[in-house]
Amino acid sequence: MIKFLDLQHQYKTIKNDIDVAIQNIISSSAFIGGEEIKKLEQNFASFQNAKHCIGVANGTDAIEIAIEALELPPNSEIIVPANSFIASSEAVTRSGHKVVFCDCNLENYTVSIGSLEEVITKKTKAIIAVHLYGHPCDMGALLEIAQKHDLKIIEDCAQAHGAEYKGKRVGAIGDIGTFSFYPGKNLGAYGDAGAIVTNDEELAIKCKMIANHGRIEKYNHVFEGRNSRLDNLQAAILNVKLNHLENWTNHRIKIADFYLEHLKDVPQIVLPKRSEWARQVYHLFVIRTNKREELKSYLSEQNIQTGIHYPIALPKLKAYDYLGKAEADFNANNTDKMLLSLPIGEHLSLEAVEIVVAAIKNFFK
Ligand SMILES: *Cc1c(COP(=O)(O)O)cnc(C)c1O
């Protein structure tokens, strides 16, 4: 069986360090707050090349808190790319603003710059730049547009730990960046966890306070916040795993390069295109084909697991009926029937990837 994701395999390779880290937290009973959180916030800030990092409860909260910290006027329009996980848009509505969808490009599936410019109005105040599939958005173009229209940029980096735009790690290129440590992400906890990064100290303090009941010290609450703390146990696990992330990422890139090289002559599939300025960290390796369902079942018969990200573009979800964009002429609205995510990850040997390639070639023969 060639698995899409194999967290058991990963655990076996780091078992000793993980077991010790977990036991230490339980022995010390330091569950909320604690040294591991401080360590993770420092380690992860430095990993992403950001001045500040704030641990939070999950990646969705991270986006919500980031938006709230920006203190935009109520009901501001915030632009969200049409191909993403619903968390990217949900957070906009939850924080009292209006979702405006724009399209994605057909090369790397991140935000289409042309489409983004078309939907900007006087009420637009921010963009959620989703570094989808681990490919950074064109941040140069986004920064230029943001400056011209006075927009904030929130980078949704849930799939992009360690990704780089022109040699710069994502997250703190825009105003603020958000991460998810959901177990299946490139860096995953053993439960829910997330983080926010920024170079802006004031924003960092605001986020930290929002995530911890609006306080700076116990019982001194400056405003109403919420509880969205990252717990010490998850931080301890993440500190162990962060040491392996570069190796794991480089392995993902190696697999992606193998797919790109060996599938390039299959005319029935469209491969993702990595921009020359990008370090893509391949949270997902997504191809496009008109025979998506047939190929998926065929691979499944060959014991090869695949995924679909995402089967229904955001504007077509029932949740967004009210926006009336299900029929919009977006690439994202059309390609959702063609996308297929091939297995990729630190658990896969190149021999396994060769088997996947051979199976795909055999299917289209
Ligand atoms: C996973 C994901 C999120 C949400 O993260 P959670 O930790 O599951 O809340 C947000 N945005 C994108 C693009 C994601 O892939």
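The values are calculated or read from the model by the stated rules, or taken from the named source; none is laboratory data. A quick note: this is a predicted structure, and the numbers were derived from the prediction, not measured. No Cβ is skipped: glycine too gets one built from the backbone with ideal geometry, and neighbour counts run over all protein chains shown. Remember, those area values only see protein heavy atoms, side chains included, never the ligands or the DNA or RNA. Shrake-Rupley method; radii C 1.70, N 1.55, O 1.52, S 1.80 Å.
Structure summary
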read-out: Filtered residues of region 188-200 (kept if surrounded by fewer than 24 Cβ atoms within 10 Å (Cβ to Cβ) and either among the hydroxyl-bearing types (Ser, Thr, Tyr) or under 18 Å from Pro136 (Cβ atoms) (or both)); value: Tyr190, Asn199
read-out: Tally, over region 70-94, of residues that are open to solvent by less than 10 Å² (accessible area, probe 1.4 Å), in a loop (DSSP other than H, G, I, E, B) and either out of contact with any helix residue (DSSP H, G or I) (no Cβ under 7 Å at 6 or more places or on another chain) or among the aliphatic types (A, V, I, L, M) (or both); value: 2
read-out: Checking Leu5 against (1) open to solvent by less than 80 Å² (accessible area, probe 1.4 Å); (2) within 16 Å of the ligand (Cβ to nearest atom); (3) not basic (Lys, Arg), the condition it does not meet; value: (1)
read-out: Residues (part of a loop (DSSP other than H, G, I, E, B), touching a residue at least 60 places away in the same chain (Cβ under 8 Å) and either among the aliphatic types (A, V, I, L, M) or open to solvent by less than 40 Å² (accessible area, probe 1.4 Å) (or both)) located in region 316-337; value: Leu317, Ala328, Phe330, Asp336
read-out: Any hit, region 117-126, residues being more than 14 Å from the ligand (Cβ to nearest atom), over 29 Å from Asn43 (Cβ atoms) and part of a strand (DSSP E or B); value: yes
read-out: Test: residue in region 264-276 that is among the hydrophobic types (A, V, I, L, M, F, W, C) and within 16 Å of the ligand (Cβ to nearest atom); value: no
read-out: Strands (runs of 3 or more DSSP E) (entirely within region 170-259) containing at least 1 residues that are farther than 19 Å from Glu64 by Cα; value: 215-217
read-out: Scan of region 20-69 for residues that are part of a loop (DSSP other than H, G, I, E, B), open to solvent by 30 Å² or more (accessible area, probe 1.4 Å) and out of contact with any helix residue (DSSP H, G or I) (no Cβ under 8 Å at 6 or more places or on another chain), ordered by number; value: Ser29, Asn49, Asn58
